[in-house]
Amino acid sequence: MKIAIGWLYPTLMSTYGDRGNVICLQRRCQWRGIEVEIVPLRKSTEIAEFNRVDIIVGGGAQDRQQEIVMRDLQGAKAQALKEKLDQGTPGVFTCGSPQLLGHYYEPALGKRIDGLGLLDMVSQHPGIEAQRCIGNLVFEITASPIARELTEILGEKPLVIGFENHGGRTYLQDVQALGKVIKGYGNNGEDQTAGAFYQNAIATYAHGPLLPKNHFVADWLIKKALQRKYERQIALSPLDDSLALAGRKNMLRRLGLAISEVALS
Ligand code: GLN
């Protein structure tokens, strides 16, 4: 089996270390003997490249870079990305990239940046004087059907551990929240929503990067991608995740959240 990972604007959208998501997907495939191709989706990329990827990864960026990306992500490219996500291509979009999948992002300085309007949500930066949302983030995935699917695999509530660093606040409209905040700010520090979920696309403020800290989300994306591509059920072979699990346990303990208490609450 083979998988093509599309990486949106690798140089412009990599300010916060989200390339770790690409590496995590790549390694978890390779350890299982699944061949991986990483396809950079950048300014010079042809539409055909957008069309052929099996998973899409988008990272965080600063306001200035987001503006450059949005100037490029127009017309046929925007359409190709929209169609892929509409049709269920799995994707993980962190921080700056979900802001661009919504209707718009209003930066602290400068003009509103129009987004793709794929996720029914808006993002606004309350201004340079406003405090940024920075710190460890923990949320429970509650969106359907991903919450149920992950709960079945894990045998407990799917908790995401990450780190957030954003000035923008996101307000969901007619789109499911990916989860409910347990610790941290989440989408806006007000309504306890964390991220958004659309078809098989995960939008989140969780850096970390997200996938190495939450390996089960990486496997969910890989499985969805392979099932779509090969049009059959796929069972991923288990990996030794003892180190990742120990790290998660330790992190939850540091944050004052004993894993069993959170999982059972
Ligand atoms: N520029 C956006 C903000 O500050 C996104 C930041 C990020 O991607 N971490 O809200």
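Considering the conditions (1) surrounded by fewer than 16 Cβ atoms within 10 Å (Cβ to Cβ); (2) within 16 Å of the ligand (Cβ to nearest atom), residue 205 is excluded by exactly one of them, (1). One residue alone among 225, 218, 235 is modelled with pLDDT of 95 or more and exposed (fewer than 13 other Cβ atoms within 10 Å of the Cβ), and that residue is 235. Listed here are the strands (runs of 3 or more DSSP E) enclosed by segment 1-118 that have at least 3 residues being in contact (Cβ under 8 Å) with a residue 60 or more places away in the chain and within 16 Å of the ligand (Cβ to nearest atom): 91-94.
The set of residues from segment 116-150 being touching a Lys or Arg at 6+ places or on another chain (Cβ under 6 Å) and over 15 Å from residue 98 (Cβ atoms) comprises 138, 140, 142.
Tell me which residues, restricted to segment 218-258, are part of a loop (DSSP other than H, G, I, E, B), charged (D, E, K, R) and either under 17 Å from residue 162 (Cα atoms) or under 23 Å from the mean Cα position of the chain (by Cα) (or both). The answer is 241, and nothing else. When 186, 208, 195 are screened for being under 15 Å from the mean Cα position of the chain (by Cα), closer than 19 Å to residue 90 by Cβ and modelled with pLDDT of 95 or more, only 195 passes. Across segment 132-164, the number of residues qualifying as surrounded by fewer than 18 Cβ atoms within 10 Å (Cβ to Cβ) and within 12 Å of the ligand (Cβ to nearest atom) comes to 2.
Within segment 38-52, the set of residues being exposed (fewer than 12 other Cβ atoms within 10 Å of the Cβ), farther than 21 Å from residue 86 by Cα and either touching a Phe, Trp or Tyr at 6+ places or on another chain (Cβ under 9 Å) or of a type outside the set (S, T, N, Q) (or both) is empty. Scanning segment 87-108 turns up at least one residue that is surrounded by fewer than 19 Cβ atoms within 10 Å (Cβ to Cβ) and of a type in the set (A, V, I, L, M, F, W, C).
Summed over segment 164-194, the residues that are touching a residue at least 40 places away in the same chain (Cβ under 8 Å), under 22 Å from residue 117 (Cα atoms) and either in contact with a helix residue (DSSP H, G or I) (Cβ under 7 Å, 6 or more places away or on another chain) or assigned to a strand (DSSP E or B) (or both) give a count of 8. Looking at residue 122, is it closer than 20 Å to residue 206 by Cα, among the aliphatic types (A, V, I, L, M) and in contact with a His (Cβ under 7 Å, 6 or more places away or on another chain)? Yes: the conditions hold for residue 122.
The residue that is surrounded by the most Cβ atoms within 10 Å (Cβ to Cβ), among those in segment 238-253 that are within 24 Å of residue 137 (Cβ to Cβ) and touching a residue at least 40 places away in the same chain (Cβ under 8 Å), is 252. Only one entry of 135, 127 meets the criterion of being outside any helix (DSSP H, G or I) and more than 30 Å from residue 254 (Cα to Cα), and that entry is 127.
The values are calculated or read from the model by the stated rules, or taken from the named source; none is laboratory data. None of these values were measured; they are calculated from a predicted model. Positions of Cβ are backbone-derived with ideal geometry, glycine not excepted, and every protein chain shown enters the neighbour counts.
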